[in-house]
Amino acid sequence: MLVLGVESSCDETGVALYDGGDGLLGHRLFSQVALHAPYGGVVPEIASRDHVRRIVPMVRDLLAGCGRAVADIDAVAYTAGPGLVGALLVGAAVGRALAYGLGVPALGVHHMEAHLLAPLLESPAPEFPFIALLVSGGHTQLVRVDGVGRYRMLGESLDDAAGEAFDKTAKLLGLGYPGGPAVERLAATGRAGRYVFARPMTQRPGLDFSFSGLKTQVALTVGAAGDGPQTRADIAAGFAVAVVDTLVIKCRRALTQTGLKRLVAAGGVSANRLLRERLDEMAAGMDAAVYYPRPEFCTDNGAMIAYAGYRRLAAGEHGGLGIEARARWPLETLPAITA
Ligand code: KG4
Ligand code: ZN
């Protein structure tokens, strides 16, 4: 079964072809970063309009690059949410229309499920069950995963997501959008011990997160310390270590509480090298293993949508003729697949 995946939930246009027998055949990604950078963040209308321009040429280029014809596509998987509705509608409309024209099924994929399953594109792939740490721009979640669609939310952020904390800190430090990679680069030149930030909610039991207080602490520190280049680097380093420590403490707790030995980290923030180092160290100390997507599949991409869609389509699931786009869509409401 050859599945075309289409991602357009935010500021990246992604398309990919996943084949049930041969695996991932290819993918294409266009990042709109340069379009939104002058505004300091994603402008939804600009995002939607650019998806309109990109998707069809990218699908053509992908098919040509993979040596496939449009008629070879057996099913289409598109991101149906959560995300920016206008942006989602573009990929959903193209995906649904293409499937209709070809007379093949289409399926609306849950963006966070796709992030969560992305490490299954790698080798070795984690076996179920595992704990998933989902850390993106809009979500910070710890999920017990017993199979595709068998999700139990163990904890999540009560306010800002980890990626959002990186983005807001970047703004406070005068770095551009997107914030995560910029803060990571600056932090690498800083001393983490000079400014010590809180590890929110690690002192009490439970697996929830709260990152909104950190930006206030960063803002106060920037205000008090001034903004010399070394000072800004030291603040970035202190902030990054605080977020990473907090995530690692909660992951360790989730593994201990469930007795599971496999952890998956996915979503944009899982590209962060310090987070990967610290998670690996923590897991090694408790005889556990951590699985990540390759860095380009940590952030938004079409490959994870094609793969998640393939898993559900191959199990016989498909959507109706409607175009699905949802701003909010709780992960735990997804049905389990039987295959
Ligand atoms: O998964 P993603 O591409 O999009 C969403 O589904 O939200 O995640 C984007 C988020 C942004 O907040 C970005 O700043 C953050 O992931 N991010 C990072 C890094 N790369 C991306 N945060 C920290 N370190 C990174 N290297
Ligand atoms: Zn994402």
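The values are calculated or read from the model by the stated rules, or taken from the named source; none is laboratory data. Since we're looking at a predicted model, the values are computed, not measured. Here Cβ is always computed from backbone atoms with ideal geometry, including for glycine, and neighbour counts include all displayed protein chains.
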For the stretch 281-301, state whether one or more residues are of a type in the set (A, V, I, L, M, F, W, C), within 16 Å of ligand 2 (Cβ to nearest atom) and assigned to a helix (DSSP H, G or I). yes
If I ask for residues that are in contact with a helix residue (DSSP H, G or I) (Cβ under 8 Å, 6 or more places away or on another chain) and either of a type in the set (Asp, Glu) or under 25 Å from Asp74 (Cβ atoms) (or both), which ones from the stretch 282-300 would you list? Pro293, Phe297, Asp300
May I ask you to verify whether Thr246 is β-branched (Val, Ile, Thr) and surrounded by fewer than 17 Cβ atoms within 10 Å (Cβ to Cβ)? no
Filter pass, Leu274 being part of a helix (DSSP H, G or I), surrounded by fewer than 19 Cβ atoms within 10 Å (Cβ to Cβ), of a type in the set (A, V, I, L, M, F, W, C) and touching an Asp or Glu at 6+ places or on another chain (Cβ under 9 Å): yes
Would you check which residues across the stretch 298-318 are within 12 Å of ligand 1 (Cβ to nearest atom) and of a type in the set (Ser, Thr, Tyr) and list them? Thr299
Can you name the residue in the stretch 290-305 that is touching a strand residue (DSSP E or B) at 6+ places or on another chain (Cβ under 6 Å) and among the hydrophobic types (A, V, I, L, M, F, W, C) and is also surrounded by the most Cβ atoms within 10 Å (Cβ to Cβ) among such residues? Ile305
Is it the case that Val248 is in contact with a strand residue (DSSP E or B) (Cβ under 7 Å, 6 or more places away or on another chain), of a type outside the set (Ser, Thr, Tyr) and in the same structural domain as Met286 (by TED's automatic domain parsing)? no
When the stretch 128-164 is checked residue by residue, the ones that are of a type in the set (A, V, I, L, M) and over 26 Å from Ala315 (Cα atoms) are Val135, Leu154, Leu158, Ala161, Ala162
Let me confirm something: among Gly213, Gly190, Gly206, which residue is more than 19 Å from Gly268 (Cβ to Cβ), in contact with a strand residue (DSSP E or B) (Cβ under 9 Å, 6 or more places away or on another chain) and among the small types (Gly, Ala, Ser)? Gly206
I want to confirm something. Restricting to the stretch 112-157 and keeping residues that are within 16 Å of ligand 1 (Cβ to nearest atom) and among the hydroxyl-bearing types (Ser, Thr, Tyr), which single residue is nearest to the chain's Cα centre (by Cα)? Ser136
When the stretch 258-277 is checked residue by residue, the ones that are in contact with a strand residue (DSSP E or B) (Cβ under 8 Å, 6 or more places away or on another chain) and either within 16 Å of ligand 2 (Cβ to nearest atom) or over 14 Å from Val145 (Cα atoms) (or both) are Val264, Ala265, Ala266, Gly267, Gly268, Val269, Ser270, Leu275, Arg276
